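Enquirer: For reference, the structure I am asking about is given below.
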Amino acid sequence: MLAALPFLACALVLALPGRGNKGAVWIAAVVAGVLSLLSIGLFPLVADGGVISTRLEWIPQLGLNIVLRMDGFAWLFAVLITVIGFLVVLYARYYMSPKDPIARFYSLLLAFMGAMLGLVLSGNIIQLAVYWELTSLVSFLLIGYWYHRGDARDGARMALIITGTGGLALFVAMMLVGHIVGSYELDVVLASGRTLVESPLYPLTLILFLLGAFTKSAQFPFQFWLPNAMTAPTPVSAYLHSATMVKAGVFLLARFWPVMSDSDLWFWIVTYTGLATLIFGAYAALFQRDLKGLLAYSTISHLGLITTLLGMGSPLAAVAAIFHIANHATFKASLFMAVGIIDHETGTRDVRKLSGLIKFMPFTGTLAIIASAAMAGVPLLNGFLSKEMFFTETAIYDSNVFINLSLPVGATLAGMLSVAYSIKFVHGVFFGPPPTELEKVPHEPPALMRRPIEFLVLVCLAVGIIPGITIGPYLAAAVHSVLGAETPYYSLSVWHGFNLPLIMSIIALVGGAIIYVPYYRRLRNIDGVPLTRGLRGQRIFERILVTATNRWARRVVQAFGTQRLQPQIFTVIFLAFAAGIVSGWARMGNLPLPENFDPVLGLVWLLGGISAMAAAHQAKFHRLASLILMGGAGLATCLTFAWFSAPDLALTQLLAEIATTVLILLGLRWLPKRTPVAEDLTWGVKFRRYRDIGLAVVAGLATALASYAIMTRAAPDGISDFFLANAYSQGGGTNVVNVMLVDFRGFDTLGEITVLGVVALVVFGLLRRFRPAADSAERPEQQRVLDDYAAGAGQHVADDFLRIPALIINWMFPIVIVAAIYMLLRGHDLPGGGFIAGIVMSLAFILQYLAGGTRWVEERLRILPVLWIGWGLLLALLTGLGAMLLGAPFLTSAFAYADIPFIGKVPMATALIFDLGVFALVVGAVVLMLVALAHQSIRRPKPAGSSKPKVREGLDKWN
């Protein structure tokens, strides 16, 4: 429920009628609240090292199962994700403008909540990598929510490229981890001990693993994407960049800490990458004029602090890292919300225009000051405790002089800078003279908008004052689930005596004030980060992107591209095909000669070959004739399938030939005119033509031989025998081909219909903006009549010989629909099925277009093809998920006999529901392409007072 409910709520919000603003807020708030209570309520089950696990079998032979696993560490993250998500939902209710698409905002927020919950609860490392990439994709949509702004689009693109590339590296790392350990199950990986570290593949695995973690958590040198992501709405920043997305990287480091950290390579890379990020982020935050930019760089710095702790390899350092993950989420989320209130009520986030707001916003100012003090590590606040633990770990003596000096000095320096930018935030915004350059008169926000900040600040105070009671049990559960038997003794007392870490804290507090006070005017007005202006990560990224997409791409096109198709076919397709045939030919051995070959079949092949060659020849002169001849070649293929007892293939081939012929016919008139063929061809042109003929003959013969070898090979234990033996006993059908498509190979079919739906949407998307030239006035009248009829405009032709077929076709419409339903219902036992029935149904609409024209049909059409595509795909997917909910592998079908009164026992199979989804998607895809092509072929002025056809009205609304 934790992993699925946010996605279901996301779909529900998107399905709300109209703008659905109020409904979206209520749904998001209720779902986030329920998930928060559910997460908190699961603590007793994980408090003493317990693990809650749910498993759904998918491909157990490959170790790929959907596993949801919650231990103390995953519980801590689940609480952060759901509780802070609930607070952000309440806060966004007052922050977002009614003019914004609120339903889209909350649907994306819920989808991101689901993706993060899936990530932290994944019990399969491949599943974890999939959720990892899903968080990158949804965060891209959230960061670019205001897509009308160029900076939002750029920030979203940058975040997606950086984190998505790291996600690909992580996926490869997870594959390597599974290969080394021998399992993709997280429990098996965590119990593998030193297997990973001692493997020869460990260095490569570690580098790929860290690329994924560092890019997601904005570690140096990948930190530049996070400040550019501040173009997102402030509720998004408060959620993604404090408690969820950027925490995914440190979650990954902590999760795999027991099995990957026991090496020098881990120590040097992770520790000093974190230390560099810690210092650079704190330094850059000090020079930011935008308050969200200041918080972004401070987030980078604190993520570096957590990474440094996890890199040290010490159990106590891991405890401090987990503690600081929770502390940072609370005070940083409250600070982002406070900045959103300041922006919302004053109209700016520029620190140069803000001052003295404590007089106008005393409650908000007080809350922001407390949260800033927690960020700076002031005593009696939660940030102080985890920072003290950090100082303690860096101050431990090490025999290596470099380590012994760099870690405590770097930590103290970063602490000073943290105090300095915290003072800048508080002093620059809330103290000083009243502001004079604001767009609005500042005032307190609505009380409910401030409630989430009050709750988070109260948590900061409670944890800082009485940590043992407030956070102690929960931290212990999280730490024990990560460290297990290595869990050390640690104390959460506020006072540990006067020791070196306390001295480092005092130096940081005093030093931060010394850094800020003398230079506060300069720090207030400075723009950019000194010493690094020539090494801006954003500029380097954009330069690489431009170079890669323009210069390198241009060179690749110049080296391998061509304006002619034949060289590409020859160099890529044919050579790869020939290599496969040659390598496979050696394994074929001697082929048996055909017995009792029927000359009638040879005549069919001969006619098909002549049609194909004639089509190639006619393509130079008349495309319509070439299309008709190609239909002859397709008919020969159809007869061949029927000859070899493959009626399903024959039906599919025949119906597909009819549908594609009409669709191609609609688009023929808009192809460019053929250039006249010169009689005296040059020697080079003749050579290329003869070469192409030779290549076509060789490729055709090789394909024929390969097919013949496959069909005549002796394979008594092959997969064919398996399907024949188990089609009825396991699939409930006697039509083996259909049982394979909807049961044994159902996942392949799901992928194929998904591709078909995407192709239809792409065709419509490309043609909806295409505007062909107007009809030529010089075109002969008889040619225009033929063109109009071919393009589907029969109603504009007054000839009686066209009216009579139109009337007959209209009468045939219900008959064809009945035939389509018949083919659907019989498909599991006899030739037919969802794909064939879908094409038959599509032909009914195609015939109506040919007979009645576009407007006549669409004014009466009640089908919205996009909805048919969506519902068809959803129905097929839900059929597979239903099997998983019942404990069976994905898309496993079940069948039984239903005893119907007056009829008797009737075989019923769940595969029919899947086939129904295939049927709906095929109908929607073909009709969508038909609508797109027909409207480009016929473009006449709309009569005055006429309404837009229903199908076009629906498609325009969808666009």
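The values are calculated or read from the model by the stated rules, or taken from the named source; none is laboratory data. Everything numeric here is computed off the predicted structure, so don't read it as measured data. So basically every Cβ, Gly included, is an ideal-geometry build from the backbone, and we count neighbours across all protein chains shown.
Enquirer: Within region 179-193, count every residue that is free of Cβ contacts under 8 Å to residues at least 24 places away in the same chain and in a helix (DSSP H, G or I). Walk me through how you get there before you give the answer.
Expert: Of the residues in region 179-193, the ones free of Cβ contacts under 8 Å to residues at least 24 places away in the same chain are 179, 181-182, 188, 191.
If we keep only those that are in a helix (DSSP H, G or I) too, we end up with 179, 181, 188.
The number of residues fulfilling the criteria is 3.
Enquirer: Any residue in region 280-293 that is outside any helix (DSSP H, G or I) and surrounded by 22 or more Cβ atoms within 10 Å (Cβ to Cβ)? Working first, answer last.
Expert: Taking region 280-293 first, the residues outside any helix (DSSP H, G or I) are 286-290.
From what's left, surrounded by 22 or more Cβ atoms within 10 Å (Cβ to Cβ): 286, 288.
Yes: one or more hits.
Enquirer: Have a look at Leu461, Leu438, Leu492, Leu448 and point out the one that is surrounded by 12 or more Cβ atoms within 10 Å (Cβ to Cβ) and in a helix (DSSP H, G or I). Reasoning before the result, please.
Expert: On the way: Leu438 fails: in a helix (DSSP H, G or I); Leu492 fails: in a helix (DSSP H, G or I); Leu448 fails: surrounded by 12 or more Cβ atoms within 10 Å (Cβ to Cβ).
From the options Leu461, Leu438, Leu492, Leu448, the qualifying one is Leu461.
Enquirer: Does Ile466 satisfy the condition of being surrounded by 13 or more Cβ atoms within 10 Å (Cβ to Cβ), over 26 Å from Ile300 (Cα atoms) and free of Cβ contacts under 8 Å to residues at least 40 places away in the same chain?
Expert: On the way: surrounded by 13 or more Cβ atoms within 10 Å (Cβ to Cβ): yes; over 26 Å from Ile300 (Cα atoms): yes; free of Cβ contacts under 8 Å to residues at least 40 places away in the same chain: yes.
Taking the combined requirement at face value, the residue satisfies it.
Enquirer: One residue is enough: does region 700-722 have a residue meeting the conditions under 37 Å from the mean Cα position of the chain (by Cα), within 30 Å of Phe914 (Cα to Cα) and modelled with pLDDT of 80 or more?
Expert: Step one: of region 700-722, the residues under 37 Å from the mean Cα position of the chain (by Cα) are 719-720, 722.
From what is left, the residues that are within 30 Å of Phe914 (Cα to Cα) are 719-720, 722.
Going one step further and asking which of them are modelled with pLDDT of 80 or more, we end up with 722.
Checking region 700-722: at least one residue is under 37 Å from the mean Cα position of the chain (by Cα), within 30 Å of Phe914 (Cα to Cα) and modelled with pLDDT of 80 or more.
Enquirer: Would you be able to tell me the number of residues in region 187-207 that are of a type outside the set (A, V, I, L, M), buried (at least 17 other Cβ atoms within 10 Å of the Cβ) and farther than 15 Å from Leu170 by Cβ?
Expert: Filtering region 187-207 down to residues of a type outside the set (A, V, I, L, M) leaves 187, 192-195, 198-200, 202-203, 205.
If we keep only those that are buried (at least 17 other Cβ atoms within 10 Å of the Cβ) as well, we get 192, 199, 202, 205.
Subsequent filtering for residues that are farther than 15 Å from Leu170 by Cβ retains 192, 199, 202.
Residues that pass the stated criteria total 3.
Enquirer: Continuing with this model, one more query. Check Asn810 against each of (1) modelled with pLDDT of 80 or more; (2) more than 28 Å from Met740 (Cβ to Cβ) and name the one condition it does not meet.
Expert: Asn810 satisfies all of (1) modelled with pLDDT of 80 or more; (2) more than 28 Å from Met740 (Cβ to Cβ) except (1).
Enquirer: Among the residues of region 71-122, write down those that are of a type in the set (A, V, I, L, M, F, W, C), surrounded by fewer than 24 Cβ atoms within 10 Å (Cβ to Cβ) and not in a helix (DSSP H, G or I).
Expert: Met96
Enquirer: Kindly establish whether Val138 is over 30 Å from Asp100 (Cβ atoms) and either part of a strand (DSSP E or B) or in the same structural domain as Ala229 (by TED's automatic domain parsing) (or both).
Expert: Values: over 30 Å from Asp100 (Cβ atoms): no; either part of a strand (DSSP E or B) or in the same structural domain as Ala229 (by TED's automatic domain parsing) (or both): yes.
Spelling it out, it is not the case that Val138 is over 30 Å from Asp100 (Cβ atoms) and either part of a strand (DSSP E or B) or in the same structural domain as Ala229 (by TED's automatic domain parsing) (or both).
Enquirer: Kindly indicate which of Ala169, Ala218, Ala232 is closer than 24 Å to Ile306 by Cα and crowded, with 21+ Cβ neighbours inside 10 Å.
Expert: On the way: Ala169 fails: crowded, with 21+ Cβ neighbours inside 10 Å; Ala232 fails: closer than 24 Å to Ile306 by Cα.
None of the other options fit; the residue is Ala218.
Enquirer: Further, regarding this structure: Given the criterion surrounded by 24 or more Cβ atoms within 10 Å (Cβ to Cβ), β-branched (Val, Ile, Thr) and within 30 Å of Arg104 (Cβ to Cβ), identify the matching residue among Val246, Val270.
Expert: Criteria check complete, one pass: Val246.
Enquirer: Test Ala414 against the stated conditions and say whether it is under 18 Å from His324 (Cβ atoms), within 39 Å of the chain's Cα centre (by Cα) and not hydroxyl-bearing (Ser, Thr, Tyr). Don't jump to the end; show me each part of the working.
Expert: On the way: under 18 Å from His324 (Cβ atoms): yes; within 39 Å of the chain's Cα centre (by Cα): yes; not hydroxyl-bearing (Ser, Thr, Tyr): yes.
Taking the combined requirement at face value, the residue satisfies it.
Enquirer: Here is a further query. Please enumerate the residues belonging to region 141-151 that are touching a residue at least 24 places away in the same chain (Cβ under 8 Å), surrounded by fewer than 20 Cβ atoms within 10 Å (Cβ to Cβ) and of a type outside the set (Asp, Glu).
Expert: Those that are touching a residue at least 24 places away in the same chain (Cβ under 8 Å), surrounded by fewer than 20 Cβ atoms within 10 Å (Cβ to Cβ) and of a type outside the set (Asp, Glu): Leu141, Trp146, Arg149.
Enquirer: Here's another thing I want to ask about it. Within the set of pairs 6+ apart or on separate chains, which have a first residue in region 673-691 that is part of a loop (DSSP other than H, G, I, E, B), a second that is of a type outside the set (Gly, Ala, Ser) and at pLDDT below 60, and C-beta atoms under 9 Å apart?
Expert: Going by the 9 Å Cβ cut-off, there are no qualifying pairs.
Enquirer: State the number of residues belonging to region 302-319 that are farther than 14 Å from Gly249 by Cα and touching a residue at least 60 places away in the same chain (Cβ under 8 Å). Show your work before the answer.
Expert: Applying the first criterion (farther than 14 Å from Gly249 by Cα) to region 302-319 yields 312-319.
Next, from what is left, pick out any that are touching a residue at least 60 places away in the same chain (Cβ under 8 Å): 312, 314-319.
Total satisfying the criteria: 7.
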